[in-house]
Amino acid sequence: MLSVPLSPVRLADTLTPTEAAQVHDLQVRAVAADGVSPLSEQPLLSLTAPGGRVRHLLAYAGEQLTGYAQLDSPAGPDASAELVVDPDARRHGTGRALVDAVLGAAPEARLWAHGQLPAAQALAASAGLTAVRELHKMARPLTKADLEPAATALPAGFTARAFEPGRDEQAWLATNAAAFAHHPEQGRLTLVDLQDRIAQPWFDAAGFILVEADYTVTPADEAATSGGAKPELAAFHWTKVDPEQRSSMDPSQTAGRAHGGAGREATLPPRRGHGEEVRAASQLVGEVYVVGVHPAYQGRGLGRPVTALGLAHLAGLGLPEVVLYVDGDNQAAIRTYTGLGFRSIMVDVMYSRAVHPAVSG
């Protein structure tokens, strides 16, 4: 347990390799203690980001790193932060010191608390923060029914293919930005962000499904696109199989699920030459990483079959379960996913001072 007084929180534009490794170790210990990751994907990718993209806040007790926070977009109402405290150093003021430092650097910043843990709720209350956004984690089993061709049939005039690195980056970025124009994180992804993800061990181009339109654009389409030009990409479904994420399903729930091979469980080969050992698919969980439809093609009945295309890919790998994340105020999406058999299993909460409207209970 912590017995050394806290030092002032230090702000940095970049982390040294040693500091980044120390933060990663904090993350691992927190996941083991809480069962949920305190830092999401983007902050973890940004641990080694060039200066200027984010700000790092480090809390120490003597020479020991006891807490870390990362502040994105330090100026303005879009600023957000995530933090982690060493499980052995909790209840000694580290979390509050980090929250105060974040708000001192960016008074309008919003802070994520993953998993809605009691300790995070108490910390938010002590700092006078209120909930302003919820992100639901939903899940359901994958079954043989997900492999039925009828489920993945696209409307006439559309075809699907896999993403091709080196060819499709700009088209995807354009469609992603249009589809998520009002989304505070997804809609502002850059080429660097995309390349960071493509470089990850979990990336699999076969699970990054693009849907193209192969018919003449209508006047209505032209009015919905910038400059009247037809978008290159109508929709997409990017799936993910993260070797760090394990299925939490009871084994009895996997009866009748899809298998990638006749009479045996599928195994996943190492990805992209990173040397990972082959892992049994029954140990992993698939993810609906992101589904998007360009505004020019919304209302064409693409959402459900595009989602189903990704589910079929994951089911074909022999995975027992699929998860996704959706904003709590996106009731249309929640209805769609509920209709596809998903149920909410966890809620992440974003907290803020009163400068942002609170979510209704």
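The values are calculated or read from the model by the stated rules, or taken from the named source; none is laboratory data. The structure presented is a predicted model; accordingly, all values stated were derived computationally and were not measured. Neighbour counts are summed over all protein chains in view; Cβ atoms, including those assigned to glycine, are modelled from backbone coordinates with ideal geometry. All accessible areas refer to the heavy atoms of the entire protein, side chains included, with ligands and DNA or RNA removed. Shrake-Rupley method; radii C 1.70, N 1.55, O 1.52, S 1.80 Å.
Measuring nothing but protein heavy atoms, the accessible surface of region 105-170 at 1.4 Å probe radius is 57 percent carbon and sulfur. The residues neighbouring H56, those whose beta-carbon lies less than 9 Å from its own, together hold a net charge of 0 under the Lys/Arg +1, Asp/Glu -1 convention. Were the residues from V31 through A145 laid out at 0.36 nm apart, the gain over their Cα-Cα distance would be 37.7 nm.
Here the simple spin-label model places points 7 Å from the Cα toward Cβ, and for A156 and I345 these points are separated by 4.0 nm. Annotation: peptides 142-153, 313-324, ranked by per-residue average of other Cβ atoms within 10 Å with the highest first, follow the order 313-324, 142-153.
Please give, to one decimal in nm, the separation of the simple spin-label points placed at H24 and N330, each 7 Å out from Cα toward the Cβ. Result: 3.0 nm between the two label points.
Counted over all Cα-Cα pairs of region 69-161, pairs farther apart than 18 Å make up 59 percent.
Length gained on full extension, D13 to D242, computed as 0.36 nm times the residue gap minus the Cα-Cα distance: 79.6 nm. With contacts taken as Cα pairs under 8 Å and at least 6 residues apart, region 69-158 reaches a relative contact order of 24 percent.
If R0 is taken as 35 Å, the Cβ-Cβ distance between A206 and E108 corresponds to a FRET efficiency of 0.25. Peptides 188-199, 41-52 ranked from most to least packed, by the mean per-residue count of other Cβ atoms within 10 Å: 41-52, 188-199.
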